[in-house]
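What follows is a short report on a single structure.
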Amino acid sequence: MPNFPTTADECKSLSIAFLRESGLLRPGFHVTTLRFSCNGQPTGSVGLEVNLVADTTPYVRLHYTLDKTTNYDYRIPLEALASNLPGHGHRTGRYQFRCPVSGRGATVLYLRAGSSHFAHREAYPTYRLYYDSQLTPTSIRALVAPYAIERKLEDAYMARYKKNRKTHYRGKPTRWYAQLMKLEAKAERATQTGLAHIRNGLF
């Protein structure tokens, strides 16, 4: 019986957000390599191709080797999503994956231990993949919430300095910076809630 990770955070993943932020959802054909690590140590790499050439079927192609013995090479369909805004139709960059295992639409695919393909979080019903928050006891969620938010903040800060993103445009906060400010405010609220619970002896 394979030992599957308990949570999504323990798995390698591929997201639409990453493709968009990396400029891989622009029209054309793009090739790159995804490199994964854990605690600063390399844990593997995946060859990635993104096809958005006009008049062709959009797809992502992945190729990699597992356990140094088995090679995998397959395509994952990319489907354009209609905008919720009237008159915008199919906006550039709004896509979802079509899971190669379950056939479900997804914006994030995971490669879990013991499996062979990047797939939807619920592609394997017998070994469902949970989020950390789903497995955290209700009694201590307020205590651990700040740490989860801090991890997201750290990733956001790293992306900011790596890509030299602007915080303002024409005197107004850029979209990503406004989201970062909201995340910082959320982190502060979560910290204060956790401290209040500790002072009141709820932990």
Worksheet item: Only one of these conditions is not met by LEU19: (1) in contact with a Pro (Cβ under 9 Å, 6 or more places away or on another chain); (2) surrounded by 13 or more Cβ atoms within 10 Å (Cβ to Cβ); (3) under 16 Å from TYR110 (Cα atoms). Which number is it?
Response: (1)
Worksheet, complete the sentence: Scanning the range 102-114 residue by residue, the ones that are assigned to a loop (DSSP other than H, G, I, E, B), closer than 27 Å to ASP67 by Cβ and either modelled with pLDDT of 90 or more or not small (Gly, Ala, Ser) (or both) total 4
Item to complete: Give me a count of the residues in the range 11-47 that are in a helix (DSSP H, G or I) and either at pLDDT 95 or above or touching a helix residue (DSSP H, G or I) at 6+ places or on another chain (Cβ under 9 Å) (or both).
Response: 1
Fill in: Identity of the residue in the range 123-147, at pLDDT 65 or above and surrounded by fewer than 14 Cβ atoms within 10 Å (Cβ to Cβ), that ends up farthest from ALA80 (Cα to Cα)
THR126
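The values are calculated or read from the model by the stated rules, or taken from the named source; none is laboratory data. Model, not experiment: these values are computed from the prediction. FYI the Cβ positions are ideal-geometry reconstructions off the backbone, even for glycines, and counts take in every protein chain you see.
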